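K.L.:
My structure is below; once you've seen it, I'll send some questions.
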Amino acid sequence: MMTPTSIQRIVPRRAIAMLTVTAALVVCLAPSRFLAAAWADDPMSVVQTTVNQALEVLRDAQTPLAQRQDKLRQIVSATFDFTEMAKSALGYHWKQITADQQQEFTKAFVAFIEDSYLSKVNDYRGQQVSFLRMTTDGPQYAEVNTDIVEPEGKDPIHLNYRLVQEGATWKIYDVTVDAISIIANYRNQFNRVMNNQGYPTLISDLKSKQAALAASLANH
Amino acid sequence: MYATRTTQLIVGIFAILGIIALAILSLSLGKLTLLPKPGYTLYASFDNISGLKTGDQVQLSGVQIGKITQIELKDMRARIAMRVDDGVPIDKDAIASIKTSGIIGDKFVSIALGPSDLILKDGDTIRQTESAFVLEDAIGQLINNSGSSGDSKEKSSNSDKEQKPGKSEK
């Protein structure tokens, strides 16, 4: 039988020290690497977590509306890349406006999008969500297909989330509703306004629409 | 009386000119070109192309910039190849949508340029796409939804309070 002394004789002291350090590093680093990988490689679980958390808030009729809206804002902003969505929605005009205008537009667009979905909180009527499948497009892009199952036997609404991997996390950059892309839709609308009236009209229209939504939210 | 050599030559020239004219007419009627316009090929995948055919137009701001050259089924999605004219830069964030000219008109692919500085090269893929809007599906959905909402009006009055969470969420 091999005693500790005999082991030391076979394996030099330096090698044991190196092995110990390596083992310690593996033990320390493994959990964080494992967690990062688990978080990064699963766009489906990102969508499921976000949607289920949002549904929980929508169903919670006991909590005051303002608190539910705040919760929803936190849940959604953690997964949606609104800045990238603003840039993409403006299309090639993004490169034609100044850096200050880009900042101004992003702020107005993000506020508009947030107020748009927050104003729908009270419209929830018990819809369920079925998570159908996930497809990947290379290592960086994925799409998660879901159905919103309407009560009362209505046809389901096909809602697909498009995600991009940013570092260790997956972010949603577009949503298609019954095959109509939200970003493509905004891009076409903004393109029309930019070509016909220019940036000042676009930003003032966007701000006034957002102000109207914010006012209706405050009145609830 | 035999025709002179000059007459034979004139008839020959006219016959050749006639054949050339016929060939040009056939090519133009068949929308064929002897030398293809210089361009590059881009690919895009769609869930539904709903009747888009090879030879249909690719448009940017309503102007034709290319043609659909190939359509195939790949991973249960429609993958199209399009020949885009040289000198028309398409960026990596561009969106390709299938549109219809008029209600029952021809289908075409419309490109909306994005904010990226990265320009796609020959053989690249337009990642962001928007499938065709199918009018029949929309009408069917409208009829179904308006019909069923009337039938179940009474049932729905209590449904908000009686939600059964976790039926289909995972």
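K.L.:
When the label point is put 7 Å from the Cα of B:Asp86 along its Cα-to-beta-carbon vector, which residues of the stretch B:54-71 have a backbone N closer than 17 Å?
P.N.:
B:65-67
K.L.:
Also: Residue by residue through A:139-151, how many Cβ atoms from other chains fall within 10 Å of the Cβ on average?
P.N.:
2
K.L.:
If you take the beta carbon distance between B:Leu27 and A:Ile180 as r and set R0 to 45 Å, what does 1/(1 + (r/R0)^6) give as a FRET efficiency, to the nearest 0.05?
P.N.:
Result of the calculation: an efficiency of 0.70.
K.L.:
PRE reach from B:Lys37 (point 7 Å along Cα→Cβ): which of the stretch B:67-83 fall under 15 Å by backbone N?
P.N.:
Counting backbone N atoms under 15 Å from the label point, the list is B:67-69, B:82-83.
K.L.:
Which log10 I(q)/I(0) values, to two decimals, does the stretch A:43-219 give at q = 0.13, 0.14, 0.16, 0.19 Å⁻¹ under the Debye formula with one point per Cα?
P.N.:
Results for the stretch A:43-219 at q = 0.13, 0.14, 0.16, 0.19 Å⁻¹ read -0.74, -0.85, -1.10, -1.40.
K.L.:
Moving to a separate point now. Over 29 Å between C-alpha atoms is what I'm after, so list which of A:Lys171/A:Lys207; A:Lys107/A:Lys171; A:Lys171/B:Lys67 land there.
P.N.:
A:Lys171/B:Lys67
K.L.:
Now for a different question. Quote the FRET efficiency, to the nearest 0.05, computed for A:Thr83 versus A:Ser119 with a Förster distance R0 of 22 Å and r equal to the Cβ-Cβ distance.
P.N.:
Details: r = 21 Å, r/R0 = 0.98.
Efficiency at R0 = 22 Å is approximately 0.55.
K.L.:
Quick one: what are the phi-derived ³J(HN,Hα) couplings along the stretch A:174-185, Karplus 6.51/-1.76/1.60 with θ = phi - 60°, whole Hz, x for glycine and proline?
P.N.:
7, 10, 10, 10, 6, 6, 9, 7, 5, 5, 4, 5
K.L.:
Tabulate in residue order the Karplus-calculated ³J(HN,Hα) for the stretch B:114-121, using 6.51 cos²θ - 1.76 cosθ + 1.60 with θ = phi - 60°, rounded to whole Hz; enter x for Gly and Pro.
P.N.:
x, x, 6, 8, 7, 9, 6, 10
K.L.:
Okay, next question. Around A:Glu166, which amide H atoms from residues at least 5 apart in sequence, or from another chain, sit under 5 Å from its own amide H, with H modelled in the peptide plane?
P.N.:
Distant-sequence amide H within range of A:Glu166: A:Lys171.
K.L.:
Mind listing the long-range amide H neighbours of A:Val129? Cut-off is under 5 Å, sequence gap 5 or more, other chains count too, H placed in the peptide plane at 1.01 Å from N.
P.N.:
The answer is A:Val149, B:Ser168, B:Glu169.
K.L.:
Could you work out how much longer the chain between B:Ile103 and B:Ile119 gets when fully extended? Use 0.36 nm per residue separation minus the Cα distance between them, nm to one decimal.
P.N.:
Numbers: separation 16, 0.36 × 16 = 5.76 nm, distance 3.32 nm.
Here the segment from B:Ile103 to B:Ile119 would lengthen by 2.4 nm.
K.L.:
Going by how many other beta carbons lie within 10 Å of each one, how would you line up B:Thr54, A:Thr146, B:Thr41, A:Thr106, fewest first?
P.N.:
The most exposed by this proxy come first: B:Thr54, B:Thr41, A:Thr106, A:Thr146.
K.L.:
What's the extension gain from A:Ser130 to A:Ala215 if we count 0.36 nm per residue and subtract their Cα-Cα distance?
P.N.:
Working it through step by step, the gained length comes to 27.2 nm.
K.L.:
Right, another one. If amide H atoms are built 1.01 Å from N in the plane of the peptide, which residues on other chains or at least 5 residues away come under 5 Å of the amide H of B:Glu130?
P.N.:
B:Ala96, B:Ser97, B:Ile98
K.L.:
Placing +1 on the Cβ of each Lys and Arg and -1 on the Cβ of each Asp and Glu in the stretch A:71-142, which of A:Gly138, A:Met85, A:Ile75 has its Cα farthest towards the positive end of the resulting dipole?
P.N.:
Farthest along the dipole direction, towards plus: A:Ile75.
K.L.:
Then there is this: Cross-link list A:Lys95/B:Lys92; A:Lys87/B:Lys99; B:Lys37/B:Lys107: which exceed 18 angstrom alpha carbon to alpha carbon?
P.N.:
Exceeds cut-off: A:Lys87/B:Lys99; B:Lys37/B:Lys107.
K.L.:
With 10 angstrom as the radius, rank A:His93, A:His158 by how many other C-beta atoms surround their C-beta, starting from the fewest.
P.N.:
Ranked by crowding around the Cβ, least crowded first: A:His158, A:His93.
Each value in this text was obtained by applying a stated rule to the coordinates, not by laboratory testing. Please read these numbers as outputs of a predicted model, since none were measured by experiment. So basically every Cβ, Gly included, is an ideal-geometry build from the backbone, and we count neighbours across all protein chains shown.
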